[in-house]
1. Under the condition of being touching a Leu at 6+ places or on another chain (Cβ under 8 Å) and buried (at least 19 other Cβ atoms within 10 Å of the Cβ), which residue from region 97-119 is farthest from Cys200 (Cα to Cα)?
2. For the structure I just gave you, tell me whether Thr212 is part of a loop (DSSP other than H, G, I, E, B) and more than 21 Å from Tyr45 (Cα to Cα).
3. Hey, could you check region 120-147 for residues that are aliphatic (A, V, I, L, M) and surrounded by fewer than 18 Cβ atoms within 10 Å (Cβ to Cβ) and say which is modelled with the highest pLDDT?
4. Hey, could you check region 65-88 for residues that are in contact with a Gly (Cβ under 9 Å, 6 or more places away or on another chain) and surrounded by fewer than 19 Cβ atoms within 10 Å (Cβ to Cβ) and say which is modelled with the lowest pLDDT?
5. Whether any residue in region 73-80 is among the acidic types (Asp, Glu), in a strand (DSSP E or B) and farther than 19 Å from Phe109 by Cβ is what I want to check.
6. Can you list residue pairs whose Cβ atoms sit under 8 Å apart, with the first residue in region 37-59 being touching a residue at least 24 places away in the same chain (Cβ under 8 Å) and closer than 16 Å to Ala226 by Cα and the second being among the charged types (D, E, K, R) and part of a loop (DSSP other than H, G, I, E, B)? Count only pairs 6 or more apart in sequence or on different chains.
7. State which residue pairs qualify: first residue at positive phi and inside region 141-167, second residue surrounded by 11 or more Cβ atoms within 10 Å (Cβ to Cβ) in any location, beta carbons under 9 Å apart, and separation of 6 or more residues or different chains.
8. Against the definition (within 20 Å of Gln165 (Cα to Cα), among the small types (Gly, Ala, Ser), assigned to a loop (DSSP other than H, G, I, E, B) and assigned by TED's automatic domain parsing to the domain that holds Asn179), how does Gly84 come out, yes or no?
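The values are calculated or read from the model by the stated rules, or taken from the named source; none is laboratory data. Everything numeric here is computed off the predicted structure, so don't read it as measured data. As a convention, Cβ positions derive from the backbone with ideal geometry for all residues, glycine included, and neighbour counts pool all protein chains shown.
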Amino acid sequence: MTKKLLGAAAALTFAAFVSSPAYAANIDLLGGTVSGSSYGNSITYNTVIGGQNVSLKVTAWSMTTGASPKVTAAQVVKYDGGLGITNSNGNNDVGSPQHSIDNDGWVDFLVFQFSTPVDITGYHIGWEDVDTDATVRYGQVNGAFPSLVNMSQTNFNNLLPNSVQVPGGDSIGNRTIANGTSEYNIWTIGASTILDMTTCGKYDRGCTPKPTYDYFKIDSINVTNAVPEPGTWMMMIMGIGFAGVAMRRRQKATVRFNMVAA
């Protein structure tokens, strides 16, 4: 009987997790609280997904070019069209469109650190110029998030081993991240790491087959998380509790029987 009760409790717990629906939230990136006004600053957000409070920290980074690419701290800035990035790459990061998320010179990207694993299913581009191809990376980082300053490109890719390319276009609007339903606590959205090699000018919208460089700003992200509702958690706890009470009663009954038999 004890094994049956344990099995039933485990089955109920597993069923509660499996049957939990995915709860969605749209996070407005033009909100949040900005901390700092230079390279290495951050913006924090708070939202509720499936009854659970979820916090988000967004920072900006750039991957340098050359023989040994490395990560360097950048500045995340809220513009009318969404979050953009400025970095220390000299004249290549002055004025429009280089204050956006771009791959003109260094490759800019935003890091999204969530307090719980989530699935970013898409994002909205509120401003663009030329093209909007993007590279999305994601992974699960347990414990404290490591410093990215001067991290090599190889180590960064090992830290977040999953990636997907998101096709762009020369228009604002929604973009979908086709990564299935996996949930991770660290995500990045940045300009594409794959340049479209053409003979056209880098700002030429009529370039064939595609423009070379990507410039865009993101004003919101769509997030899902299969966290059980508070009521589901309560049912799980009650089910396990009832199983435990029944087990204790069974054990007491067995002890009394043995004493009489002696």
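1. Top of the filtered list is Phe114.
2. On the way: part of a loop (DSSP other than H, G, I, E, B): yes; more than 21 Å from Tyr45 (Cα to Cα): yes.
Yes.
3. Val141
4. That would be Thr65.
5. Pass one, region 73-80, residues among the acidic types (Asp, Glu): 80.
If we keep only those that are in a strand (DSSP E or B) as well, we get none.
The answer is no, given that none of the residues of region 73-80 is among the acidic types (Asp, Glu), in a strand (DSSP E or B) and farther than 19 Å from Phe109 by Cβ.
6. Qualifying pairs under 8 Å: Gly50/Glu229; Gly51/Glu229.
7. Asn150/Lys70; Asn150/Val71; Asn150/Thr72
8. So Gly84 fails the test.
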